[in-house]
Amino acid sequence: ILNVEQSPQSLHVQEGDSTNFTCSFPSSNFYALHWYRWETAKSPEALFVMTLNGDEKKKGRISATLNTKEGYSYLYIKGSQPEDSATYLCAFRHGANNLFFGTGTRLTVIP
Amino acid sequence: GAVVSQHPSWVICKSGTSVKIECRSLDFQATTMFWYRQFPKQSLMLMATSNEGSKATYEQGVEKDKFLINHASLTLSTLTVTSAHPEDSSFYICSARSTPGEAFFGQGTRLTVV
């Protein structure tokens, strides 16, 4: 079992604030790093799949960076909105199939 | 994105009974399906991987005789928790993938064994 850590576990931000959270993963045998957005009672929704060191991906107000050498990825949300409230999961892939998940960061955006 | 439907979303059963959870890919053919389990405040943990028409591959520590996985078609996989006990109470979620491609998740099933 590979250790994938996410921090913080939860955070509350005011609407309009920008925020970021961290995913740490083993730096050896890297294959890909996935970010998911998971709203209560819904399916986890894929946000990004990142494969290259230094990768930076963006989707609307959400972006992510990747550092495979030191084993971390940041997820940024600019100008948070209430609809951004969800749990954000990262998952480390080190082979064809296996995804190792972090415990998630639960974001609450206060209107 | 592709849709994966998991049913039921929650179930309560008596200790000793069996429970079947279904995972269907609605608009694509899923050559591979994954079953995960999540205990409170813990990560999603992979239980098993199944490829259509072949036996599932179970992760270490997961009893294959207790958690029966059937992937008989390209759109349906089932997980049966046999002789369920309270310690099997957990959140179970599937994901499905075509080859090649991203895996898409179902909505999950909350199982409570009383």
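The values are calculated or read from the model by the stated rules, or taken from the named source; none is laboratory data. It should be emphasised that the depicted structure is a prediction, and the values quoted were computed from it without experimental measurement. As a convention, Cβ positions derive from the backbone with ideal geometry for all residues, glycine included, and neighbour counts pool all protein chains shown. Calculation scope for accessible area: heavy atoms of the full protein, side chains included, ligands and nucleic acids excluded. Shrake-Rupley method; radii C 1.70, N 1.55, O 1.52, S 1.80 Å.
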Identity of the residue in the stretch B:20-45, within 12 Å of residue B:92 (Cα to Cα) and of a type in the set (A, V, I, L, M, F, W, C), that ends up surrounded by the most Cβ atoms within 10 Å (Cβ to Cβ): B:23
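Per-residue answers, yes or no, for (1) under 30 Å from residue A:7 (Cα atoms); (2) away from chain A (no Cβ under 12 Å); (3) at pLDDT below 95:
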| site | (1), (2), (3) |
| --- | --- |
| B:1 | yes, no, yes |
| B:7 | no, yes, no |
| B:18 | no, yes, no |
| B:32 | no, no, yes |
| B:41 | yes, no, yes |
| B:44 | yes, no, yes |
Inside the stretch B:84-100, can you point out the residues that are open to solvent by 10 Å² or more (accessible area, probe 1.4 Å), over 19 Å from residue B:26 (Cα atoms), outside any strand (DSSP E or B) and of a type outside the set (D, E, K, R)? B:85, B:86, B:89
Name the single residue that is nearest to residue B:61 (Cα to Cα) among those in the stretch A:1-55 being within 9 Å of another protein chain (Cβ to nearest Cβ) and of a type in the set (A, V, I, L, M). A:1
Residue B:65 open to solvent by 70 Å² or more (accessible area, probe 1.4 Å), closer than 14 Å to residue B:18 by Cα and among the acidic types (Asp, Glu): yes
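Which of the following residues is hydroxyl-bearing (Ser, Thr, Tyr), within 14 Å of another protein chain (Cβ to nearest Cβ) and closer than 17 Å to residue B:36 by Cα: B:90, B:95? Break it down into steps so the answer makes sense when it comes.
On the way: B:90 fails: within 14 Å of another protein chain (Cβ to nearest Cβ).
Exactly one residue qualifies, and that residue is B:95.
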Residues that are open to solvent by less than 10 Å² (accessible area, probe 1.4 Å) and closer than 16 Å to residue A:3 by Cα, drawn from the stretch A:18-34: A:23, A:32, A:33, A:34
Could you tell me whether the stretch B:46-60 includes any residue that is open to solvent by 70 Å² or more (accessible area, probe 1.4 Å), away from chain A (no Cβ under 14 Å) and under 12 Å from the mean Cα position of the chain (by Cα)? no
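Taking the stretch B:2-14 as the region of interest, how many residues are more than 15 Å from the chain's Cα centre (by Cα) and open to solvent by less than 60 Å² (accessible area, probe 1.4 Å)?
Of the residues in the stretch B:2-14, the ones more than 15 Å from the chain's Cα centre (by Cα) are B:2-3, B:12-14.
Now drop any that are not open to solvent by less than 60 Å² (accessible area, probe 1.4 Å), which leaves B:2, B:13.
Of the residues in that region, 2 qualify.
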So which of A:77, A:110 ends up being surrounded by fewer than 17 Cβ atoms within 10 Å (Cβ to Cβ) and either of a type in the set (A, V, I, L, M) or free of Cβ contacts under 8 Å to residues at least 12 places away in the same chain (or both)? A:110
Would you check which residues across the stretch B:101-114 are more than 10 Å from chain A (Cβ to nearest Cβ) and either assigned to a loop (DSSP other than H, G, I, E, B) or under 14 Å from residue A:36 (Cβ atoms) (or both) and list them? B:101, B:114
